[in-house]
């Protein structure tokens, strides 16, 4: 055993020396030394002094023995307790080397046997070897406790593996985030939502994945994307949202190991470096840094996702838990009462995004860990905006499957998207969209050439003129105008391919004047008939008042409800 003196033994020896000094002083004040000894012992054993807390009760014999051990010196080391004690590397136990070898071999088994089972198997093996004396269970337990406390690295590595050793035992580097500026580093990772949402593609409940980018300085989630199905472009789309919200391009994107990040959320094993993202990032001037495998402590976004689950996900009615162990009571078998209490509401993607944004507003109102005197929102507001042109970020948008152009444009998520550039096409196209804004989608050729931005088509009032308001009537008239314009465009294009006689048949009513719609209004100027196109009745009225004030249409228009709403 190594030669060292525990601190507790030093305290006992020093306390014994102090008691001996007090005892000798007490004896000098009395003629009867024997009675003085008994009186001193009684006073010490009934007091609440510091010496009593260390030594406990003493006897007259102890005092004389300690005095003899000093032998007229002041060397407290002569009063050190003489019992044996173990060091960090040595443990005083009755277990022999063979018993320790068998017992530790079972304790460090990768299948993580419990201490009780390891004790039972060790004792059985010793009996099979014919050993007569078998130590008690408590002896094995004490040795197991000492071994774990003094060899924790070996215990964790053997029983839990390298990742556990890295997460629980190995020292970590503490990084000073105060040296960063907002937008310098965005940390990316994904989180499988613990609640269900309605998949807009299938209409069925599903657990989506939130791919997020967190600003290291402010700890704010500045951009995210809801991934409903396996789609690697969600990572780029989430970065696009982050850049738009920050209004600046980050210097560094720090994320999980490339292959591990992909294996965590996708079925195939292509690494991040094989998906073409590095080229997209480099074009924007972003450096890509990957964390080392099995290095969870490097991902500061993990703490955010834990708060997100505890403070947001568990409050939703569609919460189903992240695993079997933490699923809610209503999902457990035979829990009829909880099932009757449960609210079956499942949010849509749009509702989910709104609720997440509301929670993020609350989260950003909390103190910032990297600047305690400010809130997260205040730190985030100090960023230097760059007035980013969103069009340069289109390559980061989410690409979906190929679509076919129909009469009303492109059918997507039970809505029609149309633009005049799509009129006359009946081919395959690629669309790019953002779940955060489905009012429009970007349309590309299969080769990637940009065609147009198609707007979502709204439905029209069934009887806009008679039962609708001004807004409904204007919407209806605008759509009629667009129909006639597109038809005229087609007729003019076909002129090049048909004979003169065929053109006469096509012209029919395309250029005729319709008194009921604000499409074309004739008036005479220099004895020539001129056709003029108006967007709405108000534009037509103002034009005629200025150029043809005697036109009968003006009198008719002044009697309508629309005129009274607009001009009276």
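Rule-based calculations on the coordinates, nothing more; no lab input. Quick caveat, the model's predicted, so the values are computed rather than measured. Every residue, glycine among them, receives a Cβ derived from its backbone with ideal geometry; neighbour counts consider all protein chains shown.
Observations on the structure shown:
- Reference-scaled alpha-carbon Rg (2.2 N^0.38 Å with N residues) for segment 97-168: 1.16
- Point-to-point label distance, residue 374-residue 338, nm (Cα→Cβ direction, 7 Å offset): 4.4
- Applying 0.36 nm per residue to the separation of residue 404 and residue 202 and subtracting their alpha-carbon distance, the gain on full extension is 70.8 nm.
- Expressed per residue, the C-alpha convex hull volume of segment 397-456 stands at 72 Å³.
- Between segment 147-213 and segment 354-394, the alpha-carbon center distance in angstrom: 22
- With viscosity 0.890 mPa s and temperature 25 °C, the Kirkwood radius over alpha carbon pairs of segment 7-79 converts through Stokes-Einstein to a diffusion coefficient of 196 µm²/s.
- A straight chain from residue 74 to residue 547 at 0.36 nm per residue would run longer than the Cα-Cα distance by 158.0 nm.
- Between the beta carbons of residue 21 and residue 151, assuming R0 = 51 Å, the FRET efficiency works out to 0.75 to the nearest 0.05.
- Residue 160/residue 302 FRET efficiency (R0 22 Å; Cβ-Cβ; nearest 0.05): 0.75
- Sites residue 39 and residue 5, calculated FRET efficiency, Cβ-Cβ separation with R0 41 Å, nearest 0.05: 0.75
- Note on residue 14 and residue 51: the extension gain reaches 12.4 nm, defined as 0.36 nm multiplied by sequence separation minus the Cα-Cα distance.
- Sorting the segments 355-363, 139-147 by their residues' average number of neighbouring beta-carbon atoms within 10 angstrom, most packed first, yields 139-147, 355-363.
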